[in-house]
Amino acid sequence: MFKNNLKIAWRNLLKDRQFTLLNLLGLATGLTCTILIYLWVHDEYQFDKFHEKEARLYQLMEHRKGKGETVIADESSGLLSETVAAQNPDVEYAAAEAPAAWFQKFTLSVGDKNLKATGQYVGKDYFNIFSFKLLDGNPNQVLADKNNIAISDEMAMKLFGTKENLIGRKILFQQSQVFFVSGVFEKLPVHSSEQFDFLLSFEYYKDIQPWVKTWNNTGPHNFIVLKKGADVDAFNKRIATLITKSSGDTTRSPFALRFSENYLQNSFDHGNRIGGRIVNVKLFSVIALFILTIACINFMNLSTAKASRRLKEVGIKKVVGAGKRELVFQFLGESILLTFVAVLIAIGMVLLLLPSFNRMTGKEISLHFDFSLLAAMLGITLFTGFISGSYPALYLAGFNPIMILKGKMRTSVGEIWARRGLVIFQFAISVFMIVGVLVVYRQIQFIQHKDLGYSKDHVIRMECEGKLIANEDNFIARLKKIPGVVNASYTFNIMIGRNYGDNGMAWEGKSPDEYIYFEGFGGSYDFVETMGMTMAEGRSFSRKFGNESGNIIVNEAAVKVMGLKNPIGKMVTLFGNPKQIIGVVKDFHFESLRETVKPLHMGLLQQDSSQWNKMMIRIQAGRETETIERIRDFYESYNPGFPFDFHFMDELHEKQYAAELRVGLLSKYFAGLAILISCLGLFGLTAFTAQKRQKEIGIRKVIGASVPNLVYMLSRDLLKQVFIALLIAVPISWWIMNQWLNGFAYRVPIGIGIFLIAGFSIIAITVLTVSYQSVKAAFRNPVTTLRSE
């Protein structure tokens, strides 16, 4: 019986080639999108899950209260992890970290090789906490000494030409400090959110940056591993008051959060998780489900539409004894067979598209047929085959054999409304995806073109190192003489994201118990001018006014928070030191547009030995290439041994929105494919309808019906369904996209224009899709039609 059913199924597929091709193309396209999204979602969920102690690995975060709200910060005092470990026997390992994200790149030198590399400072238990594979070295000792350095096997090959027997070898750091190799670790997995080329001791960092050893300054990340069986909730209750007891600060409260969850769920509001990357994961999971649903709906509609061709087969089988169960299994088997073929085609399409997909997503996904992937493929095949084939199977198996053989079968009202409902649902999804793409595109355009309050274009940022440190003023004076250099200044701020913040600002009328976060900015002379900022009141720092170390500039948000009227000349204190406000700079966005502009204070940065210094150089528009080459030549002669490394500010700014850019790009492609699949279904339905009504069309033509009348007759039902889909999809898509936009403090409005564009687009697509078959049917010779009937 199985062999017989398989043979019948295969013959039916070959007999109705047009419908088979449409079904295969729709299913294969839908499955291709689903598999690609599955691979992407699976890849996202793999981040930071490979650590052996993942279930007990936590990052110490902070609840911060202020102005009636609570926020969560992933940074804290450099003393937190060691203090928590000393006071809590539940802690097995603890380490602080000055993350690589703080720094651009450092210079490592061996002999005449000078290489830029990404590094960070970490506590001695770092390799006991994280499962990064040490190829050489003891995890307990690798960072125990301040003069130790651990390097990746890739960096080892670049510096030494080997990764063997390197323990004790010297590496010159920043052309000034000698470190000794104490460990070589394997290149970090792509699924690690921690990425670096080398590691130095956090104890060494404490020596060169004393602020790390205070409770009031925050910035470092802190990690712990709890002992097996430890209750993290009870642990969090014990450490909740630790910062208050240590510093007197009642606004900050530490707690432990599972480290592996931070990659996806890294956005918070009022102390609660509101999203992060998990929002995009959920979004694309829903999109995959939508696309697969559209493909299944196509299958159902086309299968039930062509059911009339198999009525006699069903009737005869029932007469000779076939039960409903056997018929259901037969038609479900046909559906699963077709789905299996579609899956094979989809796998081929995935292999073909994967390189382009990786470029779009910035991933390194590969199609390895391991158990989890094969299980997922099998699940998708059976799910799709069962869902798409269940309604046609039950529909065909439920026919009355007597009515079939008498030729009195009529399409029921329930069948018509079921098919219409599926088409409406299909187009409602398409409308939602068009609206989503338009909203995401407009928000990205808004982000890219919004006035940030400073000019990011034609500005490069580079690190001050080597001879530049403590000689920045001399370097800048000579730099400005290079043709094409408009202005230059130095700062310790990265300008992209928060860099340094504090609660140390006080002013007349402020309550002693009130803690308000201020971002701290430091810039040398010409910093405001180099960055293209605008003064709302007062002036910027100038050499004309002599010593300006006692002066300060604030932004408009700071003036508002402090409640100052006529702020110029007012006195404030910063960590107890009196400061006079000499200027108010207009608010500028130093964080992404997801955040509101925070109050900030800006002091005059004197040249010193701080390795935080960054150089900002504004270049004349249109002369970037030649000017950068001149700067490179000057830099390498001024600062020998340090490779010239820089970044354009506009590129750094755009990286903040890499996730949104990818969402926009992928949404555009997936929305297009969803609409394509819908159109394939419409095309097939219209072809079937025209075929089914050939006799009616022939008679109408004979009695004088025009081609436009016939096209309208064949199209009007589908257009009605599209209008109903619009009525359903518009309010739902408005609500969902509003939720997405709520992740931005600065956002575009969702105007009626977006819905009008979506509506006109889906109507135009429908008309174009059905027109071909409608016009073809309307132009057919009625004599031929009636003769064949």
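Quick check: anything in segment 557-573 under 21 Å from residue 491 (Cβ atoms), open to solvent by 30 Å² or more (accessible area, probe 1.4 Å) and not in a loop (DSSP other than H, G, I, E, B)? No, because not a single residue in segment 557-573 is under 21 Å from residue 491 (Cβ atoms), open to solvent by 30 Å² or more (accessible area, probe 1.4 Å) and not in a loop (DSSP other than H, G, I, E, B).
Applying a threshold of 8 Å to beta carbon distances and a minimum spacing of six or more residues, or different chains, the list of pairs starting in segment 532-543 at a residue that is under 7 Å from residue 583 (Cα atoms) and ending at one that is surrounded by fewer than 17 Cβ atoms within 10 Å (Cβ to Cβ) and among the hydrophobic types (A, V, I, L, M, F, W, C) reads 537/568; 538/568. The condition (being polar (S, T, N, Q) and either within 27 Å of residue 660 (Cα to Cα) or open to solvent by 20 Å² or more (accessible area, probe 1.4 Å) (or both)) is satisfied by just one residue among 715, 761: 761.
Does any residue of segment 522-533 turn out to be polar (S, T, N, Q), part of a helix (DSSP H, G or I), modelled with pLDDT of 85 or more and over 22 Å from residue 570 (Cα atoms)?
Residues of segment 522-533 that are polar (S, T, N, Q), as a first pass: 524, 530.
If we keep only those that are part of a helix (DSSP H, G or I) too, we end up with 530.
With modelled with pLDDT of 85 or more added as a condition, the list becomes 530.
Next, only the ones that are over 22 Å from residue 570 (Cα atoms) stay: 530.
Checked segment 522-533: at least one residue is polar (S, T, N, Q), part of a helix (DSSP H, G or I), modelled with pLDDT of 85 or more and over 22 Å from residue 570 (Cα atoms).
Scan segment 465-472 and tell me whether some residue there is in contact (Cβ under 8 Å) with a residue 60 or more places away in the chain, more than 28 Å from residue 176 (Cβ to Cβ) and either among the small types (Gly, Ala, Ser) or assigned to a loop (DSSP other than H, G, I, E, B) (or both). No, segment 465-472 contains no residue that is in contact (Cβ under 8 Å) with a residue 60 or more places away in the chain, more than 28 Å from residue 176 (Cβ to Cβ) and either among the small types (Gly, Ala, Ser) or assigned to a loop (DSSP other than H, G, I, E, B) (or both).
Count, please, the residues in segment 196-211 that happen to be touching a residue at least 12 places away in the same chain (Cβ under 8 Å) and either part of a helix (DSSP H, G or I) or among the aromatic types (Phe, Trp, Tyr) (or both). Number satisfying all stated conditions: 9.
Quick one: would you say residue 257 is of a type in the set (A, V, I, L, M), touching a strand residue (DSSP E or B) at 6+ places or on another chain (Cβ under 7 Å) and surrounded by 20 or more Cβ atoms within 10 Å (Cβ to Cβ)? Answer is no for this residue.
Being closer than 15 Å to residue 84 by Cβ and either touching an Asp or Glu at 6+ places or on another chain (Cβ under 8 Å) or open to solvent by less than 90 Å² (accessible area, probe 1.4 Å) (or both) is the filter here, so list the residues in segment 232-251 that pass it.
Our first condition is that a residue be closer than 15 Å to residue 84 by Cβ; within segment 232-251, this holds for 232, 234-247.
Residues satisfying the conditions are 232, 234, 235, 236, 239, 240, 241, 242, 243, 244, 246, 247.
Here's the yes/no breakdown for (1) at positive phi; (2) modelled with pLDDT of 90 or more; (3) surrounded by fewer than 22 Cβ atoms within 10 Å (Cβ to Cβ):
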{"position": "97", "(1), (2), (3)": "no, yes, no"}
{"position": "100", "(1), (2), (3)": "no, no, yes"}
{"position": "106", "(1), (2), (3)": "no, yes, no"}
{"position": "110", "(1), (2), (3)": "no, yes, yes"}
{"position": "118", "(1), (2), (3)": "no, yes, yes"}
{"position": "143", "(1), (2), (3)": "no, yes, no"}
{"position": "146", "(1), (2), (3)": "no, yes, yes"}
{"position": "162", "(1), (2), (3)": "no, yes, yes"}
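For residue 310, the conditions (1) modelled with pLDDT of 75 or more; (2) open to solvent by less than 30 Å² (accessible area, probe 1.4 Å) all hold with the exception of (1).
For residue 504, the requirement of being open to solvent by 30 Å² or more (accessible area, probe 1.4 Å), of a type in the set (Gly, Ala, Ser), in contact (Cβ under 8 Å) with a residue 40 or more places away in the chain and more than 30 Å from residue 625 (Cβ to Cβ) is not met. Scanning segment 450-462 turns up no residue that is buried (at least 20 other Cβ atoms within 10 Å of the Cβ) and at pLDDT below 85. Residue 515 meets the conditions (1) of a type in the set (Ser, Thr, Tyr); (2) outside any strand (DSSP E or B); (3) open to solvent by less than 50 Å² (accessible area, probe 1.4 Å) in every case but one. The failed one is (3).
All of (1) open to solvent by 20 Å² or more (accessible area, probe 1.4 Å); (2) of a type in the set (Ser, Thr, Tyr); (3) modelled with pLDDT of 75 or more hold for residue 390 with one exception: (3).
Apart from one condition, residue 166 fits all of (1) touching a helix residue (DSSP H, G or I) at 6+ places or on another chain (Cβ under 7 Å); (2) surrounded by fewer than 16 Cβ atoms within 10 Å (Cβ to Cβ); the exception is (2). If you check 190, 184, 178, 225 for being assigned to a strand (DSSP E or B), of a type in the set (A, V, I, L, M) and loosely packed, with under 13 Cβ neighbours inside 10 Å, only one passes: 178.
The values are calculated or read from the model by the stated rules, or taken from the named source; none is laboratory data. Just so it is clear, the model here is predicted, and its values are computed rather than measured. Ideal geometry is used to build each Cβ from the backbone, glycine not excepted, and the neighbour counts take in all protein chains shown. Note: accessible area is taken over every heavy atom of the protein model, side chains too, but ligands, DNA and RNA are not part of it. Shrake-Rupley method; radii C 1.70, N 1.55, O 1.52, S 1.80 Å.
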